[in-house]
Structure formats: C-alpha cells, structure tokens
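Readers should treat all values here as calculations from the given coordinates under stated rules, not as data from a laboratory. Everything numeric here is computed off the predicted structure, so don't read it as measured data. Here Cβ is always computed from backbone atoms with ideal geometry, including for glycine, and neighbour counts include all displayed protein chains.
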Amino acid sequence: MVMDAIEAQIEEFIERSRALTGQEVREREAWNTVASRDAIRHFAFGTSDGNPLWLDPAYAAKTRYGKVVAPPGFLTSVLYPILHGAPMSAPLSSLIGGVEYQWFAPVLEGDVLRASTRQADLYEKKSGTGRRLIFIISEATYWNQRDEVVGKATGTMIRATQVGTELLFDRPIYRYSEVELEKIGEAIKGEVRSGAGTPFWEDVQVGQEIPPIVRGPLTIGDMVSWQAAIGPSYRAGGLGYLDVLKAPHTAVKNPITGWPVKYSQQHEDFQLAAQRGMPGPFDNGVMRFAWVCPLLTNWMGDDGSPRRLYVQVRTPTIYGDTTWYQGTVAEKARDAGGAVVRIRIAGINQVGITTTTGEADVVLPTRTSRS
C-alpha cells in the first residue's frame, strides 16, 4: 500500500511536470542583473578563479576588451539554468546530470542582463537497480542591454526515487595523507594562466594536454562562497521552512532530526548530524561547471574566446573530496566563426574515480589575425 501511494505521487508529479514542457518557467528570481565590478568579483571569488581579467581593472584595460570582463560562468548567476519540474511533495531527490553553455558575445563590466528559462523536455528511465529516474531538460537564454543574445544554456535535472531517509551517498569522508595534502597544495599554488600569451591556433597540436587545475578538498566555505556568487537559494529559519512547504522538491529530510532542509543547506547540517554520507552531493552540476570554466580560460588567455562548454556529472562529490580537472586537445578546425580547438575534459577525484566528463570549443587567434 505504501509503495502504491509513492508510485501514485510520482505519476502525478510526472503528469504535472510534463504539462510544463514548452513553457517558460521561473523557479527563482535573477541574482545579478548588472555585471557590476562587485558582482563579477563575488562570482570570481566564489568559484576560486583569480584571473586578473575579471579582477584587476588596470590589467583588463590593457586587453582587447578595455575593461573588466565577466567570467564565462557568470551567466549562471544571472539566472540559474536548472528546472526541477512541478513543485509538489513527491519522494524524489534532485541531481544535476549535465550543464552546457554556448557563448555568443562577452559580458563586460556595466552590461545589463536579463534571462528566461523554459522546460524543453521530460522523459523517464530506470537505473540499474530499478530506481525511477525522471529527466527534466531546461533551456536558458541570456540577453544584454542591446537585446543581443550573449549566451544560451541547456541543463539536465535528474529526479530519482527517494526511499525514506535512505542516503544516496553513504561513504566515509576521505582522510588525506600528508603527502597527498602537500601535492594538492602545490597544485593550487602552481595554477598558471596564459594571460597575454594566448596560444596561436597553428601551434596547438591534437593530443596536447592543457595545464590541469585542482578544486578541493571541498569545505563548507566553498559552499558559502558559491552561494554568494550564484545567489542564495534559501532563506533561513522559519521563513526557510515556509519556502520548503511551497517548493518541497528543493528540500530533503535530515535522516537524524527528520526536519526538512534545502539541498544547498544539507551539506553542513548532515555533516554535523552524521559525520558521513549525505542524500545529495556536496557540489552540484552548475557549481562543477563553474569550477571547470577556469581550466579553459586559464589556458586560452586574454585573446581566446569560449564558444561552448559541456560538463557532465558522472560521480557525485561529497564533503572533503578533491577533483583534478584536465583537458586534452581532440580536434582543430576553421569555420566562419574563427579557428576552433575542441578540448575533451575529465575530472578525477582523490581515489582515481572519474567524477566529470565534458567537451569544450574555444576560438583562438591565428598568426595572420594577430599580425
């Protein structure tokens, strides 16, 4: 009888959510509507991206832009590109499966931005263990003050059957050796940027590896900084509880206290309560997408332009995990938009598991265009 009731809830969720396909859906208000210097700085700091192109006005003034530029991932803070389906109480957890952005124009300091999101599709699969998986595909479009489309995004939200207070990720927090900690520290200190030394398209070779970056070990501070960059997804206390009642698909019950908390809040609450696994990942697909962006922008330098980046979440990340992001040149081509390099991306965590895969297209200058 209990399972029949759960199945009925899920069927109702699917029916109501499928009715949203093709419609504009707004689950949250825009966080950044102006690419102000402070907004850009907050986003860069929130994603651990120290590129002077976004942070140093004197440096940026000497580049082709003439002023501070917003990081490519900044659009995620204008409007979150992920939709969850119909807001109703259903025993479903939320996991972001993939995020893809296309960019058509840079966002410069002072630009005024607006965006809209629509539900593009909904379909269902089953996991290898028989768990129902509902895929909700969203599309976001971003415009500047001149009504130019500066970017578009596609996001995949996976709603999975949640059984009671069962933990989706039940594994101990990783304990690092001193050697491992030293290696991570050296990688953070050694992160490099091409800057004004943008590579020429002609000099890039298929099979070439670009300099890797590392993100982690993840702490509560990473989540707090990310929330400052992307915009708070919840209010605290009683107001937060009332928000959960309105949109239960954004929350999960703490398995110790039974109290519902927002997914973006459960990381600290669950760690304090259980000191082990959690029902949702510590990061999410959009957060991971923003962490991968510097892998590209560090390498492509001031004169490169991102055209497309797709990031797929392969394995969840929990508190304390570290991911090493790396890229390999897969293809080179010329088209009407310029000289393009395609890069295959992988993220590997501290125990050798592939957590992330992806692909990016970057436009680089040629020797003739630079002369």
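Just add up the charged neighbours of LEU20: K/R +1, D/E -1, any other residue whose Cβ is under 14 Å from the Cβ of LEU20.
Value of the local net charge: -1.
Mind checking which lysines have their Cα closer than 26 Å to the Cα of LYS62? Skip sequence neighbours fewer than 8 apart in that chain.
Candidates past the 8-residue exclusion: LYS189.
If the only charges are +1 at each Lys and Arg Cβ and -1 at each Asp and Glu Cβ, what is the size of the charge dipole of the chain around the Cα centre, to the nearest 20 debye?
Once rounded to the nearest 20, the dipole reads 280 debye.
If packing is taken as the average count of other Cβ atoms within 10 Å, what order do 317-323, 39-45 fall into, highest mean first?
Result, highest mean first: 317-323, 39-45.
Give me the percent of Cα-Cα pairs in the chain that sit more than 36 Å apart, rounded to a whole number.
Tail of the P(r) past 36 Å holds 22 percent of the pairs.
Among 55-61, 123-129, how do they line up by average Cβ neighbours within 10 Å per residue, starting with the highest?
Answer by packing, highest mean first, reads 55-61, 123-129.
Gaussian network model of the chain, Cα springs within a sub-10 Å range: biggest mean-square fluctuation belongs to which of TRP143, TRP291, TRP259?
Taking springs between Cα atoms under 10 Å, the residue moving most is TRP259.
How far is helix 237-246 tilted, in degrees, relative to the longest principal axis of the Cα atoms in the chain, given as a value from 0 to 90 rounded to the nearest 10?
Value to nearest ten degrees: 80.
Using C-alpha positions alone, give me the convex hull volume of the range 305-371 per residue in cubic angstrom.
Taking only Cα atoms, the range 305-371 has a hull volume of 100 Å³ per residue.
What FRET efficiency, computed as 1/(1 + (r/R0)^6) with R0 = 56 Å and r the Cβ-Cβ distance, is obtained for ALA196 and ALA120, rounded to the nearest 0.05?
Working from the Cβ atoms, E equals 0.90.
For a quick check, take a GNM of the chain with Cα springs below 10 Å and name the residue from PRO87, PRO294, PRO212 with the largest mean-square fluctuation.
Looking only at PRO87, PRO294, PRO212, the biggest GNM fluctuation is shown by PRO87.
Applying 1/(1 + (r/R0)^6) with R0 = 25 Å to the Cβ-Cβ distance of SER89 and ALA236, what FRET efficiency is obtained, to the nearest 0.05?
After rounding, the FRET efficiency stands at 0.70.
What's the Kirkwood radius of the range 26-84 in Å, using all Cα pairs?
Evaluated over the range 26-84, this radius sits at 12.1 Å.
What does the charge dipole of the range 8-158 about its Cα centre add up to, to the nearest 20 debye, if the Cβ of each Lys and Arg holds +1 and the Cβ of each Asp and Glu holds -1?
I would put it at about 200 debye.
Could you work out the Kirkwood radius for the range 46-177, taking every pair of different alpha carbons, averaging 1/r and inverting it, reported in Å?
Value: 17.6 Å, from the Cα pair sum.
Choose one answer from MET300, MET157, MET88: the residue with the largest mean-square fluctuation in a GNM of the chain with alpha-carbon springs under 10 Å.
For the chain, modelled as a Gaussian network with Cα springs under 10 Å, the answer is MET88.
When the dipole is taken about the Cα centre of the range 97-177, and only Lys, Arg (+1) and Asp, Glu (-1) are charged at their Cβ, what size is it in debye, to the nearest 20?
With Lys and Arg at +1 and Asp and Glu at -1, about 480 debye.
Using alpha carbons only, how many angstrom separate the centre of the range 293-337 from the centre of the range 1-32?
Here the two parts' Cα centres lie 32 Å apart.
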